[in-house]
Amino acid sequence: QVQLVESGGGLVQAGGSLRLSCAASGRTFSSYAMGWFRQAPGKEREFVASFWSGGTTSYADSVKGRFTISRDNVKNTAYLQMNSLKPEDTAVYYCATSSRAKNSYYRVGDFTSWGQGTQVTVSS
């Protein structure tokens, strides 16, 4: 089992930046991929970004060019750098890992462990 704890959320003005962190503990060696999702009130959880073995990354079209996913293997921590934030980026952001070997990781069902989420609010 992998335990994930997100941090770094908060309130920011449109055009600003935030960096989210996701600290992993437990059976991290069993993780094939790590990803970020978000969920706004009344909406389904949606894919934001992910990376997996070999350094492959994937981003939702809505965040391409603005968000960057990265990781520090020594610290067992993943990051989501968010620049040029927009009010529509407001949501609870979740990190997730997957213990399943797959060709790609961008669906909720591709991931097996989830953090508790951190709130990001972008004011206009």
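The values are calculated or read from the model by the stated rules, or taken from the named source; none is laboratory data. Just so it is clear, the model here is predicted, and its values are computed rather than measured. Note that each Cβ is placed from the backbone with ideal geometry, even for glycine, and that neighbours are counted across all protein chains shown. Accessible surface areas use protein heavy atoms only, side chains included; no ligands, DNA or RNA. Shrake-Rupley method; radii C 1.70, N 1.55, O 1.52, S 1.80 Å.
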- Item | Residues of the range 72-114 with amide N under 14 Å of the 7 Å Cα→Cβ point at residue 53 | 98-105
- Query: In the P(r) worked out for the range 21-124, what percent of Cα pairs fall beyond 16 Å?
  - Reply: 54 percent
- Report the calculated FRET efficiency for residue 101 and residue 61 (r = Cβ-Cβ distance, R0 = 30 Å), to the nearest 0.05. 0.70
- Using a probe of 1.4 angstrom, how much of the accessible area of the range 20-64 is carbon and sulfur, in percent? 48 percent
- Note on the structure: For residue 102, the lysines lying under 29 Å Cα to Cα, once residues fewer than eight places off in the same chain are dropped, come out as 43, 64, 75
- Query: Label-point separation (nm) for residue 108 and residue 28, each offset 7 Å from Cα along Cα-to-Cβ?
  - Reply: 2.7 nm
- Item | Rounded accessible area per residue of the chain, 1.4 Å, Å² | 52 Å²
- Computed label-point distance, nm, for sites residue 83 and residue 119 using a 7 Å Cα→Cβ extension: 2.8 nm
- Task: Mind putting a number on the dipole of the chain about its Cα centre? Charges go on the C-beta only, +1 for Lys and Arg and -1 for Asp and Glu, and I need it in Debye to the nearest 20.
- Result: 200 debye
- Item | Residue-count net charge about residue 59 - beta-carbon cut-off 14 Å; Lys, Arg +1, Asp, Glu -1 | 0
- Item | Of 108, 73, 118, farthest towards positive along the dipole that unit charges on Lys, Arg, Asp, Glu beta carbons give the range 38-124 | 73
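R0 = 25 Å: FRET efficiency of residue 44 with residue 13, Cβ-based, nearest 0.05?
Taking R0 as 25 Å, the efficiency between residue 44 and residue 13 is 0.40.
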